[in-house]
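Below is one structure, written out as structure tokens, with a few remarks after it.
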Amino acid sequence: MSKTFTWLVTGSNRGIGFEFVKQLVASSANVVVATCRQPESATALKDLVGSAAGKLHIVALDVSDAASIKASAAAANEVLSEHGLDYLISNAGIMQAMDGPFDATEEALLTHFKANVAGPALVAQAYLPYLEKGERKVIVNVSSGLGSIGLAFGAKQASYSISKTALNMLTYKQAADRPDIISIVVDPGWVKTDMGGPNAQVEPQDSVSGQLKVITSVTKEDSGKYYRYDGENLPW
Ligand code: NDP
């Protein structure tokens, strides 16, 4: 029998997060804590529970709300207390403005920072005791190519891009602080979701299967690195 790994995914009710959960529960080797802001209206996730008996647990988690993050970690204890957490996928994120550096509002800058940087930071802090107990101890911060200075995507989507660059730095700091934990950044590609839109180039299935190959094969030597979903190493 293959070994069981435990996973937690944020923002798992739709888009890339939902695809992660779908692919993970397809394997009997995984137990998944699927988190989202409003479990009561997460119909696609709830539909999966029936076919994934005992492997899929839905927990409320709003990454922009520190109290919700703490409450989720307490609620997940029932699932994670025994084996700990092998993989934490900080996927939830927002992209709410097509702003530039000279017209980005204070509100847009702070809202993106809260969801895309403070959220993953506080989620990792709240779940650290479970990660310490897990076998793999992997944190995956789902960032974006737009967070790369080296890829030079230009002026627009400033609030979002700046927040993803900060998320990249959070990942570096996590890796530097804790050699016992693996923390990596992944760029899912331009993916057909509500955020990516219909013209995006990558299907959610392909992005997630690629990311899972990267995530499940990383070792401590890879910690603090920035990967595209197809395994390519990206410039910061
Ligand atoms: P979607 O907009 O399709 O889905 C976003 C998910 O994040 C939803 O489940 C949403 O939940 C959740 N979310 C947003 N804010 C919060 C919050 N405060 N607390 C909890 N959950 C929240 O985006 P994608 O699936 O496309 O993106 C997933 C990740 O991939 C994001 O981090 C994004 O930045 C990144 N990414 C996506 C790209 C793309 O082309 N799609 C490209 C590069 C990066 P709710 O339904 O409650 O709003």
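The values are calculated or read from the model by the stated rules, or taken from the named source; none is laboratory data. Nothing here was measured: the structure is a model prediction, and the numbers come from that model. Reconstructed Cβ throughout: ideal geometry from the backbone, glycine too, with neighbour counts over all protein chains shown.
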Q | Elements of type helices (runs of 4 or more DSSP H) in region 90-178, at least 2 residues being in contact with an Asp or Glu (Cβ under 7 Å, 6 or more places away or on another chain) | A | 158-177
Q: Scan (1) within 11 Å of the ligand (Cβ to nearest atom); (2) assigned to a helix (DSSP H, G or I); (3) within 15 Å of the chain's Cα centre (by Cα) for the single condition L24 breaks and write down its number.
A: (1)
**Q.** Residues satisfying the stated conditions in region 179-228, i.e. within 21 Å of S12 (Cβ to Cβ), crowded, with 19+ Cβ neighbours inside 10 Å, more than 11 Å from the ligand (Cβ to nearest atom) and of a type in the set (G, A, S)
**A.** S183, G210
Q.
For the list (1) surrounded by 22 or more Cβ atoms within 10 Å (Cβ to Cβ); (2) not in a loop (DSSP other than H, G, I, E, B), I need the number of the one condition that L85 fails.
A. (2)
(Q) Can you report the number of residues in region 125-176 which are among the basic types (K, R), more than 12 Å from the ligand (Cβ to nearest atom) and closer than 16 Å to L109 by Cβ? (A) 1
Q. Only one residue in N77, N91 is within 14 Å of the ligand (Cβ to nearest atom) and closer than 27 Å to N30 by Cα, so which one is that?
A. N91
Q: Please determine, by comparing only the residues of region 47-61 that are within 12 Å of A34 (Cα to Cα) and in a helix (DSSP H, G or I), which one is farthest from the ligand (Cβ to nearest atom).
A: V49
Q. crowded, with 20+ Cβ neighbours inside 10 Å and polar (S, T, N, Q) - does that describe any residue in region 45-67?
A. no
Q) Among A29, A42, which is the only one that is surrounded by 20 or more Cβ atoms within 10 Å (Cβ to Cβ) and within 23 Å of P188 (Cβ to Cβ)? A) A42
(Q) Being within 11 Å of the ligand (Cβ to nearest atom), among the β-branched types (V, I, T), outside any helix (DSSP H, G or I) and touching a Gly at 6+ places or on another chain (Cβ under 9 Å) is the requirement here; does V31 meet it? (A) no
Q) Do we find a residue being surrounded by 21 or more Cβ atoms within 10 Å (Cβ to Cβ) and touching a Pro at 6+ places or on another chain (Cβ under 8 Å) anywhere in region 131-138? A) no
Q. If only one of S72, S68, S64 is under 29 Å from K164 (Cβ atoms), at pLDDT 95 or above and outside any helix (DSSP H, G or I), which one is it?
A. S64
